Amino acid sequence: MKKANGYEIITLFEQWSPKRYAEDWDPVGLHIGQLNRQVEKVLITLDVNEAVVDEAIEKGANLIIAHHPPIFRPMKNIWTDTPQGRLVEKCIKHDISVYAAHTNLDVAPGGVNDLLASRLKLKNIEVMEPTISDSLYKLAVFCPVEHADELREVLARSGAGAIGDYAGCSFSSTGTGRFTPSAGADPFIGEIGKMEEVTEERIEVVLPGPLRSKVLKAMLSAHPYEEPAYDFFVLDQRTEEFGLGRVGALQEAMELKEFAQFIKGALDVPAVRIVGDASKLVRKVAVLGGSGSKYIRAAKRKGADVFVTGDMDFHSAQEAELMDLAIVDPGHHVEKVMIEGVARHMEQACTEKGYEVSFIKSEIDTEPFRFI
C-alpha cells in the first residue's frame, strides 16, 4: 500500500464527481488549507461546523470532504472571534484541509440523488432535470499493422472505445502509408531522404470529450512513430446526460399517507410535510436532495405522482397542489446519505489504487431543526 497526499485523493474523487458537473453559482472545491501533504484519514461530513472540525481533530483526520460548502458566500474578512472565523482558524492551526462537493455530487452517478433513489427502492431510474452532457469524439490513428494490437489495447485502457456496456470498441482498415524522413528525423522505419511505404492500420475509436487529453497522451506514448498521424473528429452524438434529481417507480403503488410514513423510515427523519390528498395513489416518484422548490415543473414533466424534496416554500407548494403533484418534504438534511455513500465509494477507489488511507464517517448531527 502507498501513502497518498490530498491531491491524489481528490483526483480520485473528481474522477467520480468532477467539478464541471456543478452549477455555475456553486463554490465547489478546496475551501481551506492545502492538498500537497500526506493524508492518512479523511472525515466525510454533510456540513462543516466547529463540532465537526473538533471531531476531525479528535480522530486524527487532516482532510474533510463535505457536501455543503463552508464558505458559501465570499468572506470579506476573517475575524477569529466570530464562529466562521474561529472555524477557519482552527482548521489552519491543526493542518486540516476542507474540500466541498455540492451540486456536482448531486449530479454524479452514484451521488446524492442516486443514493436517495436507492433508499426509496425506486426502479427504472432516470435523470429528472438534465444539466450537462459531453461532446463525443472519434480518434483515427494510423500505425504499422504489427503494432496495431498493442495500440488498441493502450487506447482501451485509457478509456477510449467504451460504448454503453461494451469496452474496447474499435474499427480498423488497412492501407499504405508513405513518408520521406528529412534531415534531423529519427525514423522508426525508413531512411533519411528515401521514400518509404508501410502497410498501416487505421484504428478508429470513440471517446467522451473529458477523456481527450488522457487518450491522446496514452496514444502518443505507445505509438512507435516519432510523428504519428492522427485526427480527432467531433461527432453529432453526445454522451449520456447527467443532471439533478432522479425519477423512478415504486415497487408497488401506495397511498400518499402510507408513502409519507415510508419516507420517514427510509430517510431516517422524525417528521415530513406533505402536499396533496393523503389518499392519492402514488407510484412514480421524483426525488431531489436539498432544496427543490424550483424543480416542481421538472418533476411534473417527468410524470411524477409525488416529488420528494426539501425546503418547499409556501407558494411553490400551492403551485404543486394546483398541478396535482403531491409533495413529501423530509427536509434538507436527508442529504446525510452522502456520508456513507462517499465513504464507501472512496474506500473502494483508494483500495483499487493501492492508497493507504481510511475514511471516517462523521457522527456529528448537523440538523439545525428540532421537532416537538
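Some values worked out for this structure:
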{"quantity": "Neighbourhood charge, 10 Å Cβ-Cβ cut-off, centred on S173 and excluding it, Lys, Arg +1 and Asp, Glu -1", "calculated": "-2"}
{"quantity": "√(5λ) per eigenvalue of the Cα gyration tensor, region 202-314, largest first, Å", "calculated": "49, 14, 13"}
{"quantity": "Solvent-accessible heavy-atom area per residue, rounded to whole Å², over the chain at 1.4 Å", "calculated": "51"}
{"quantity": "Sequence ranges 55-67, 103-115, ranked by mean other-Cβ count within 10 angstrom, highest first", "calculated": "103-115, 55-67"}
{"quantity": "Rounded to 10°, Cα long-axis angle of helix 337-353 versus longest principal axis of the chain", "calculated": "20"}
{"quantity": "Summed side-chain charge close to E23 - residues other than E23 whose Cβ falls under 13 Å, Lys, Arg +1, Asp, Glu -1", "calculated": "-1"}
{"quantity": "HN-Hα J in Hz across region 251-258 - Karplus 6.51, -1.76, 1.60, θ = phi - 60°, x for Gly and Pro", "calculated": "4, 9, 5, 8, 5, 4, 5, 5"}
{"quantity": "T11 - accessible surface, heavy atoms, 1.4 Å probe, Å² rounded to 10", "calculated": "80"}
{"quantity": "Proximal charge balance of G310 [Cβ under 10 Å; K/R count +1, D/E count -1]", "calculated": "-2"}
{"quantity": "Amide H contacts under 5 Å for E40, placed H, 5+ residues apart", "calculated": "N62"}
{"quantity": "Cα long-axis angle, helix 50-59 against the chain (0 to 90 degrees, to the nearest 10)", "calculated": "60"}
{"quantity": "Region 27-39 - phi-based ³J(HN,Hα) in whole Hz, Karplus 6.51/-1.76/1.60, Gly and Pro as x", "calculated": "x, 7, x, 6, 9, 9, x, 9, 10, 8, 9, 5, 10"}
{"quantity": "Surface share of carbon and sulfur [accessible, 1.4 angstrom probe, percent] for the chain", "calculated": "50"}
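The values are calculated or read from the model by the stated rules, or taken from the named source; none is laboratory data. As the structure is a computational prediction, the values presented were derived from the model and not from experiment. Note: ideal-geometry Cβ built from the backbone for every residue, glycine included; neighbour counts use all protein chains shown. The area values use the complete protein model at the heavy-atom level, side chains included, leaving out ligands, DNA and RNA. Shrake-Rupley method; radii C 1.70, N 1.55, O 1.52, S 1.80 Å.
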